[in-house]
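Visitor: Structure below; questions to follow.
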Amino acid sequence: MTVIVRDFRPADAEGWVRVRRAALPFMVTTPERVVFDLANAAPAKRYRLLVAEEDGELIGTAQVGLAHESPEPGQAFCNPYIHPERTGRGAGTLLLRTAEEYLALAGATSVYTWVLDTPDDLAFAKRRGYEPSRPAHFFHLDLAHGTLPPRQDLPAGVELRTAADFADDPRPLFEADAETTADEPSDTPALLSGYEEWLDEIWRSPGLDHHLTSVVTADGEVAAFSVAETDGTGRYWSGMTGTRRAYRNRGLAKLAKNDSLHRARGAGCTDAYTGNDADNGPMLAINRWFGYEICATEVRHVRRLG
């Protein structure tokens, strides 16, 4: 049996999602989202999708590109995942080698990757020269059988809306997303500066659920939000929950997330997932308050090229 690595083709979308759901059952994605993300990635990202194939069967995937929104040049990423029943065939090594060669030619000086916190996965990363950095957790909340906190009373001047209410002018949501993203703990911090790019990559994404994404306004201004992504199978992912700096420490992020979770359950979602950097204390506290439980941990790793 021979494993080959090649570029993703739109016809691979179903197989891509099958592999990703097997390797990361807590991630929420769809074939349409995979194709959309590739087609609408910013040119500066140099985004590329690789697949590993064994005798015609897709067994591995990798997302590859430059961290073009980072203020530090030369940072790149490669996130390979192999179907759990198809490991040990060399697919991961081939994906990484192909990605690293591509990124080096694109000007990358360091490659970051997420590695599941298991002995086999950590050993694989170490053998290939990757050093551990910071951990992050995946969380799960049972929406079908769990109990959500009751809806909260709104403080004076505060309103709850959805992203759908901003369809005619989503710029206030972009500005809130850009501000909160800049403050998010990360080895590769991002600065969102392009509104049109944000519209193309995020706002118009088929994974973003505008009606389940909750927005808190204070005196008419966007103060906090909780992004919802869904896949049509009852799974819900909190893409980002954040509060603008001027409105922090007022419980508005919790208010937004609570509203979004109630909307999601009402829409038939059965499982809620989210992920947080292990150093993001405020969001870890909010997730514990909702009853989320850790279902997996990943460790960010980095390899210096050259």
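Visitor: Can we say Thr93 is of a type in the set (S, T, N, Q), surrounded by 16 or more Cβ atoms within 10 Å (Cβ to Cβ) and in a helix (DSSP H, G or I)?
Guide: On the way: of a type in the set (S, T, N, Q): yes; surrounded by 16 or more Cβ atoms within 10 Å (Cβ to Cβ): yes; in a helix (DSSP H, G or I): yes.
When the stated conditions are applied, Thr93 passes them.
Visitor: Does Ser193 satisfy the condition of being of a type outside the set (Asp, Glu), in contact (Cβ under 8 Å) with a residue 40 or more places away in the chain, under 22 Å from Tyr112 (Cβ atoms) and outside any strand (DSSP E or B)?
Guide: yes
Visitor: Among the numbered conditions (1) acidic (Asp, Glu); (2) modelled with pLDDT of 95 or more; (3) assigned to a loop (DSSP other than H, G, I, E, B), tell me where Asp165 comes up short.
Guide: Just one mismatch for Asp165, condition (3).
Visitor: Shifting gears a bit: May I ask you to verify whether Ser214 is of a type in the set (Gly, Ala, Ser), in contact (Cβ under 8 Å) with a residue 40 or more places away in the chain and closer than 21 Å to Ala42 by Cα? Full working, then the answer.
Guide: Working: of a type in the set (Gly, Ala, Ser): yes; in contact (Cβ under 8 Å) with a residue 40 or more places away in the chain: yes; closer than 21 Å to Ala42 by Cα: no.
Answer is no for this residue.
Visitor: Looking at this structure, is Ala264 part of a helix (DSSP H, G or I), without any contact (Cβ under 8 Å) to a residue 40 or more places away in the chain and assigned by TED's automatic domain parsing to the domain that holds Pro170? Step through it out loud before you land on a result.
Guide: Numbers: part of a helix (DSSP H, G or I): yes; without any contact (Cβ under 8 Å) to a residue 40 or more places away in the chain: no; assigned by TED's automatic domain parsing to the domain that holds Pro170: yes.
No, not satisfied.
Visitor: Taking Ala228, is it within 24 Å of Arg33 (Cβ to Cβ) and outside the structural domain of Asn276 (by TED's automatic domain parsing)? Please lay out each step first, then the result.
Guide: Numbers: within 24 Å of Arg33 (Cβ to Cβ): yes; outside the structural domain of Asn276 (by TED's automatic domain parsing): no.
No: the conditions fail for Ala228.
Conditions (1) touching a strand residue (DSSP E or B) at 6+ places or on another chain (Cβ under 8 Å); (2) in contact (Cβ under 8 Å) with a residue 12 or more places away in the chain; (3) of a type in the set (Ser, Thr, Tyr); (4) part of a helix (DSSP H, G or I), marked per residue:
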residue	(1), (2), (3), (4)
Val222	yes, yes, no, no
Met240	yes, yes, no, no
Asp259	yes, yes, no, yes
Gly268	no, yes, no, no
Ala285	no, no, no, yes
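Visitor: Which strands (runs of 3 or more DSSP E) sit wholly inside the stretch 1-73 and have at least 1 residues that are touching a strand residue (DSSP E or B) at 6+ places or on another chain (Cβ under 7 Å) and charged (D, E, K, R)?
Guide: Correct list: 3-7, 48-54.
Visitor: Still on this structure: Can you name the condition, by its number, that Thr113 falls short on among (1) surrounded by 17 or more Cβ atoms within 10 Å (Cβ to Cβ); (2) part of a helix (DSSP H, G or I); (3) outside the structural domain of Thr270 (by TED's automatic domain parsing)?
Guide: Checking Thr113 against (1) surrounded by 17 or more Cβ atoms within 10 Å (Cβ to Cβ); (2) part of a helix (DSSP H, G or I); (3) outside the structural domain of Thr270 (by TED's automatic domain parsing), the one that fails is (2).
Visitor: Scan (1) crowded, with 20+ Cβ neighbours inside 10 Å; (2) under 30 Å from Ile294 (Cβ atoms); (3) out of contact with any Cys (no Cβ under 9 Å at 6 or more places or on another chain); (4) modelled with pLDDT of 95 or more for the single condition Glu69 breaks and write down its number.
Guide: If we test Glu69 against (1) crowded, with 20+ Cβ neighbours inside 10 Å; (2) under 30 Å from Ile294 (Cβ atoms); (3) out of contact with any Cys (no Cβ under 9 Å at 6 or more places or on another chain); (4) modelled with pLDDT of 95 or more, just (4) comes out false.
The values are calculated or read from the model by the stated rules, or taken from the named source; none is laboratory data. As the structure is a prediction and not an experimental result, all values here were calculated from the model. Positions of Cβ are generated from backbone atoms using ideal geometry, with glycine treated the same way; all protein chains shown enter the neighbour counts.
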